[in-house]
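One structure below.
The values are calculated or read from the model by the stated rules, or taken from the named source; none is laboratory data. Nothing here was measured: the structure is a model prediction, and the numbers come from that model. Cβ placement follows ideal geometry from the backbone for every residue including glycine, while neighbour counts extend to all protein chains displayed. Areas reflect the complete protein model, heavy atoms only, side chains present, ligands, DNA and RNA absent. Shrake-Rupley method; radii C 1.70, N 1.55, O 1.52, S 1.80 Å.
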Amino acid sequence: MKQLFISTLWSACLVMAGVNGAGADAVEGLALAEEYCVRCHDVTPGGAAKTYPPSFASIAWFRDDDQIRARILFPILHGSMPLWSNWLTTDEVDSLVAYIVTLEGT
């Protein structure tokens with residue numbers, strides 16, 4: 001039951017976010033990560049595999065695009081991360097996701 005609730009909640013979040021990835025630019029995503037995310041996360045390729053806060057490489061390894069996007073847009077669901085959707089556009093979030101997924105396997 002809990003898993004069904006979580007899956008339904010993720011789906012609703014993604015619909016509300018208007019997921020499309022059309023404005024994704026991994027280079028811009030790196031710049032955004034270095035500006036906003038580096039305070040807490042290791043955003044470099046091959047970053048240390050840690051759980052709190054996870055490195056971007058760890059996130060890429062364990063999460064798919066939609067989960068990453070949802071966790072950026074709706075951080076209240078998983079921890080103490082700021083509500084970035086108040087400051088970042090949908091295209092900027094897509095760019096962050098595009099950068100993070102390039103780190104899978106690094």
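For the reader, a short list of remarks on this structure follows.
- Yes/no for residue 65 being surrounded by 16 or more Cβ atoms within 10 Å (Cβ to Cβ) and without any contact (Cβ under 8 Å) to a residue 40 or more places away in the chain: no
- Scope region 45-75; condition over 17 Å from residue 97 (Cβ atoms) and part of a loop (DSSP other than H, G, I, E, B); matching residues: 46, 48, 49, 50, 52
- For residue 71, the conditions (1) free of Cβ contacts under 8 Å to residues at least 60 places away in the same chain; (2) open to solvent by less than 80 Å² (accessible area, probe 1.4 Å); (3) more than 15 Å from residue 36 (Cβ to Cβ) all hold with the exception of (3).
- Some residue of region 74-85 being open to solvent by 40 Å² or more (accessible area, probe 1.4 Å) and in contact with a His (Cβ under 6 Å, 6 or more places away or on another chain): no
- Flag for residue 102 being modelled with pLDDT of 90 or more, open to solvent by 20 Å² or more (accessible area, probe 1.4 Å), in contact with a helix residue (DSSP H, G or I) (Cβ under 7 Å, 6 or more places away or on another chain) and among the polar types (S, T, N, Q): yes
- When residues of region 86-99 are limited to those that are part of a helix (DSSP H, G or I) and open to solvent by 70 Å² or more (accessible area, probe 1.4 Å), the one farthest from residue 29 (Cα to Cα): 86
- Members of region 29-44 that are open to solvent by less than 70 Å² (accessible area, probe 1.4 Å), out of contact with any His (no Cβ under 9 Å at 6 or more places or on another chain), assigned to a helix (DSSP H, G or I) and not hydroxyl-bearing (Ser, Thr, Tyr): 29, 30, 31, 32, 37
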